[in-house]
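The values are calculated or read from the model by the stated rules, or taken from the named source; none is laboratory data. Note that this is a predicted model, so its numbers are computed, not measured. Because the Cβ atoms are built from the backbone with ideal geometry, glycine has one as well, and the counts that use them run over all protein chains shown.
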Amino acid sequence: MTSAADPGAERTPRTTARGRGAIALGIIVLAVLTLWRVVLPARDGGPHDFTGATMGTTYTVRIDAPLTAGERATLADTIQARLAEVDALMSTWDTASQLSRFNRHGSSEPFPVSPLMIEVMRIALDVGRQSGGAFDVTVAPLVDAWGFGPAGEPQNLPDERMLADLRARTGQDLVRIDSAHQALVKIDARTVLDLSAVAKGYGADRVADALAASGLRSYLVEVGGELRVGGPKLDGTPWRIGVEQPDPGARRVHRTIDLVDAAVATSGDYRNFFERDGRRWAHIIDPRTGRPVPYAGASVTVLHDRAAVADAWATALTVLGPLQGLDVAERANLAVVFITRTDSGFVVSGSTRFGQRFDRAAPDTSQR
Ligand code: AMP
Ligand code: MG
């Protein structure tokens, strides 16, 4: 902006000398910056999202950090590889998976497995024990009989006799970890396993651990609805997670939970259910009856350090329901919250640990 009265006109010689200095400095700065860009590629401030398909569902990973295009590509490969590894081990849908091969192994000879399988089985058997058998990895024949397995819906649903037969083939004492041989052992050679209720969470843990090992601090990993977050976000605020209302008709957030370095899993009868004989049933089996859990419009959200543990517990607590489930959660000192649909709105009941750690805000009742 110049004007006729610009006093700068009288100082032309001095300005020119200073100007030359400034131009020289500018050139040096530009040269350094150009060199810098060549040596160190540009970083995009983020957050960076990675999405894809895995384990018959989808995943989303958000990394809150500046990344170069090269780093982004490497991380995309790492995420994909970690999930593919879990899928190749634990899928019941892939006939070549390690789990499918173990399931076809019709013998009580130890079957050597990956250390990851041993780790997941330890979590599964531990939750199975603590939940009094509500969580049961040997539930596979019942899952198939009710039509939730790879074979799809059967011609006839199981009758009492068939249920009694199938139940005799289930129970987690029919399988054992042989640590010395890093193997799984069938006590009953017919035993078959289903890890679907824990594998998604385990996949989220594997990705989170890989991201942490790459030096990243702020990330969110979601696999089929099971979540694990690393740190707070880059700006220091916690990750804010929406917990869905157990409403089959609408996907609405019932409340939010702020998380730092934690995992959260939700299970419920409201999202994945089927209708038969005028009734709704969840895709989760109650191992005590051999039947699917009847629909009650309930969800349970479990918070834990590890997503695999949260995932397994969310399934177990869906079997147990809000009353018994809350008792068991208290005994196991778990942070859980049940949301149950009633005629007068949604009833929220959280465990003591949930209240202490996560329930700083009052329950959100605005959407009742
Ligand atoms: P989730 O979505 O994590 O609750 O897992 C549900 C899946 O776990 C089902 O589709 C079955 O394959 C399997 N499953 C069903 N009932 C049980 C149970 N009681 N214990 C362990 N796994 C189960
Ligand atoms: Mg689960």
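The residues of the range 194-210 that are touching a Lys or Arg at 6+ places or on another chain (Cβ under 9 Å) and of a type outside the set (Asp, Glu), listed by number, are Gly201, Tyr202, Gly203, Ala204, Arg206, Val207, Ala208, Ala210. Within the range 305-316, residues that are at pLDDT 95 or above reach partners that are of a type in the set (Ser, Thr, Tyr) and part of a helix (DSSP H, G or I) with beta carbons closer than 8 Å, at six or more positions or on different chains, in the pairs Ala307/Tyr202; Ala308/Tyr202; Asp311/Tyr202. Looking only at the range 141-159, residues that are farther than 24 Å from Gln324 by Cβ and not in a loop (DSSP other than H, G, I, E, B) come to 3 in all.
One residue alone among Ile241, Ile177, Ile187 is more than 28 Å from Thr138 (Cα to Cα) and either within 13 Å of the chain's Cα centre (by Cα) or among the β-branched types (Val, Ile, Thr) (or both), and that residue is Ile241.
Scanning the range 283-336 for residues that are within 30 Å of Val207 (Cβ to Cβ) and of a type in the set (Val, Ile, Thr) turns up Ile284, Ile285, Val293, Val300, Thr301, Val302, Val309, Thr315, Thr318, Val319, Val328, Val336. Which one is modelled with the highest pLDDT among residues in the range 257-275 that are closer than 23 Å to Asp343 by Cα and exposed (fewer than 15 other Cβ atoms within 10 Å of the Cβ)? Only one residue fits best here, namely Glu275. For the range 102-139, a residue qualifies if it is buried (at least 23 other Cβ atoms within 10 Å of the Cβ) and either of a type in the set (Asp, Glu) or away from ligand 2 (no atom under 15 Å from the Cβ) (or both), and the qualifying residues are Met117, Asp136, Thr138. Number of residues in the range 284-300 that are away from ligand 1 (no atom under 12 Å from the Cβ) and either surrounded by 19 or more Cβ atoms within 10 Å (Cβ to Cβ) or of a type in the set (Ser, Thr, Tyr) (or both) equals 2.
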